[in-house]
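The structure appears below as structure tokens.
The values are calculated or read from the model by the stated rules, or taken from the named source; none is laboratory data. Quantities reported herein were computed from a predicted structural model and do not represent experimental measurements. FYI the Cβ positions are ideal-geometry reconstructions off the backbone, even for glycines, and counts take in every protein chain you see. Ligands, DNA and RNA are stripped out before the accessible areas are found, and what is left, the full protein with its side chains, is counted by its heavy atoms. Shrake-Rupley method; radii C 1.70, N 1.55, O 1.52, S 1.80 Å.
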2 protein chains.
Amino acid sequence: MVAEHPTKLARPEVEKLVREVLTQRLRGQIAPPPSIERHAAFPHRPGGPPHPLVVNVSARHMHVRPAELEVLFGPGAKLTKLKDLYQQGEFASEQLVTVIGPRQRIIPNVRILGPTRDYSQIELSYTDGIYLGIDLPLRISGNHEDTPGATVMGPKGAITLHKGVIRAERHVHMSTEDMAYYGVKDGDYMKLRVEGPCGVTFDRVKVRYHPKVVLEVHIDTDEGNACDLDSATNLELFK
Amino acid sequence: MVAEHPTKLARPEVEKLVREVLTQRLRGQIAPPPSIERHAAFPHRPGGPPHPLVVNVSARHMHVRPAELEVLFGPGAKLTKLKDLYQQGEFASEQLVTVIGPRQRIIPNVRILGPTRDYSQIELSYTDGIYLGIDLPLRISGNHEDTPGATVMGPKGAITLHKGVIRAERHVHMSTEDMAYYGVKDGDYMKLRVEGPCGVTFDRVKVRYHPKVVLEVHIDTDEGNACDLDSATNLELFK
């Protein structure tokens, strides 16, 4: 058989594979959580922005109120840090939950980001939403008007959120000096050009002001994969 | 408890959910295949292109040679039509396979598109590739240089492809008159602007000429979800 042709498997090999796949499924071996941020950044240029332009891909994740955390992980539970995120004080926790959609399909290993907040929220990609059967609304974090809910399972209990399941609107965190450099204000929309083999320009990147942040664009995994951020050759943020 | 707060589930409810999820997992109930094409098109404009601009999202799928089809589905197996695709003669078949990646993770219900071809090929999104553990190369259909393989299971047997697993490069099918209208030639790159709440401009949309096609842009599910094609308010194809 020449190299161009796929190999035909013998019966014992087929049986072995079937057995392995079935065993894996029965054992409930499932994918580990995706890494919570994938990163692209380009060096500081003379005359450039006050902070380097950093683009991070946010994988699906959850934010929780302390009360829900205790239902999911037991009385007195606290988030424990796995890894710092780019913005100071933010972190990926070690705590993982399972999200259950309306058709009883599940996504396991959804990581909680810390610290706890005053609302619970689940941020998914449209790919995730289609899989779960949730028609995700596009929202800036914390805006839960007309948003669907979901059931969430932790090791010690489950909660049903009645709202707060969203696709996060693509956005850029900016401090006062970042906004001054780009000539924009809180709530404005900018564009992000990602050059490379899968080059994409994202419209409608919303400016989110906070005095203590550093410049950082957040896109989700659909967006990060569409533009293949890992192979980007240049990034540009503009009005 | 006020409306803003999620409902705490009682212990019997938690147990019921856990039982349902475990039962579902043990039964191997898995997602049905995604619909193979999602569609956006805008009406013909006076003085516009000879064919209306149609953008279709291709979900993960496989193309097969007749020989591999017989290994997967048994001697003499033929593809049977589920649904016509947009290009004349192309169709989504009723035949589904399971793709097994190098880490023994699987994606079930991958649809074969017909008719059979003179090469076998699997087209996945980067989201799929990350899940399976396959570093997908970006390729135009049929270019299998330096591409990885995968194991594919059908109801009657399995094959191991040594190559042909790709992310399809975004492309636009054009006839002679489409190329004349846009002033491009086979192999050129164009841009596709998708306006809407998740507006995106895709660079590097490759022109693929065939005398018998009608104008059609193909993007994958990562790209279709990144721009939320379903909610697009306008489409524009340009150099």
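Kindly establish whether B:G101 is open to solvent by less than 30 Å² (accessible area, probe 1.4 Å), within 9 Å of chain A (Cβ to nearest Cβ) and within 15 Å of B:K163 (Cα to Cα). Steps first, please.
Values: open to solvent by less than 30 Å² (accessible area, probe 1.4 Å): yes; within 9 Å of chain A (Cβ to nearest Cβ): no; within 15 Å of B:K163 (Cα to Cα): yes.
Against the criterion (open to solvent by less than 30 Å² (accessible area, probe 1.4 Å), within 9 Å of chain A (Cβ to nearest Cβ) and within 15 Å of B:K163 (Cα to Cα)), B:G101 does not qualify.
Residues in region A:70-84 that are within 22 Å of the chain's Cα centre (by Cα) and closer than 19 Å to A:D118 by Cβ were compared, and the one that is most open to solvent (accessible area, probe 1.4 Å) is A:K78. Determine whether A:L96 is farther than 27 Å from A:L215 by Cβ and away from every other protein chain (no Cβ under 13 Å). Against the criterion (farther than 27 Å from A:L215 by Cβ and away from every other protein chain (no Cβ under 13 Å)), A:L96 qualifies.
Only one of B:I122, B:I166 is under 16 Å from the mean Cα position of the chain (by Cα) and either at the interface with chain A (Cβ under 10 Å from one of its Cβ atoms) or free of Cβ contacts under 8 Å to residues at least 60 places away in the same chain (or both); which? Give the derivation first.
Numbers: B:I122 fails: either at the interface with chain A (Cβ under 10 Å from one of its Cβ atoms) or free of Cβ contacts under 8 Å to residues at least 60 places away in the same chain (or both).
Answer to the selection: B:I166.
So, in region A:50-69, exactly how many residues are free of Cβ contacts under 8 Å to residues at least 40 places away in the same chain and open to solvent by less than 30 Å² (accessible area, probe 1.4 Å)? Let's see the steps before the verdict.
Looking only at region A:50-69, we keep the residues that are free of Cβ contacts under 8 Å to residues at least 40 places away in the same chain, and these are A:67.
Filter once more, so that each one left must be open to solvent by less than 30 Å² (accessible area, probe 1.4 Å): none.
Here the count works out to 0.
Within this structure, B:I112 passes the test of being closer than 19 Å to B:G142 by Cα and either in a helix (DSSP H, G or I) or in contact with a strand residue (DSSP E or B) (Cβ under 9 Å, 6 or more places away or on another chain) (or both). A:G133 falls short of the stated requirement of being open to solvent by 10 Å² or more (accessible area, probe 1.4 Å), more than 11 Å from chain B (Cβ to nearest Cβ) and either within 28 Å of B:G196 (Cα to Cα) or modelled with pLDDT of 95 or more (or both).
For B:P155, indicate whether it is in contact with a helix residue (DSSP H, G or I) (Cβ under 8 Å, 6 or more places away or on another chain), surrounded by fewer than 21 Cβ atoms within 10 Å (Cβ to Cβ) and farther than 29 Å from B:P50 by Cβ. Lay out the reasoning, then the answer.
Values: in contact with a helix residue (DSSP H, G or I) (Cβ under 8 Å, 6 or more places away or on another chain): yes; surrounded by fewer than 21 Cβ atoms within 10 Å (Cβ to Cβ): yes; farther than 29 Å from B:P50 by Cβ: yes.
Answer is yes for this residue.
Scanning region B:188-239 for residues that are open to solvent by 20 Å² or more (accessible area, probe 1.4 Å), within 8 Å of chain A (Cβ to nearest Cβ) and out of contact with any helix residue (DSSP H, G or I) (no Cβ under 9 Å at 6 or more places or on another chain), we see that the one that is farthest from B:E177 (Cα to Cα) is B:E195. Here the condition is being open to solvent by less than 30 Å² (accessible area, probe 1.4 Å), out of contact with any helix residue (DSSP H, G or I) (no Cβ under 6 Å at 6 or more places or on another chain) and either at pLDDT 95 or above or closer than 22 Å to B:S93 by Cβ (or both); of B:G114, B:G142, it holds for B:G114 alone. Here the condition is being at the interface with chain B (Cβ under 8 Å from one of its Cβ atoms) and farther than 22 Å from A:G224 by Cα; of A:A180, A:A150, A:A158, it holds for A:A158 alone.
Filter region A:89-98 down to the residues that are open to solvent by less than 20 Å² (accessible area, probe 1.4 Å) and of a type outside the set (V, I, T), then identify the one that is farthest from A:P34 (Cα to Cα). Quick ask: steps written out before the conclusion?
The first filter runs over region A:89-98 and keeps only residues open to solvent by less than 20 Å² (accessible area, probe 1.4 Å), leaving A:92-93, A:97.
Still in the list and also of a type outside the set (V, I, T): A:92-93.
Numbers: A:A92: 12, A:S93: 13 Å.
Once the filter is applied, the top-ranked residue is A:S93.
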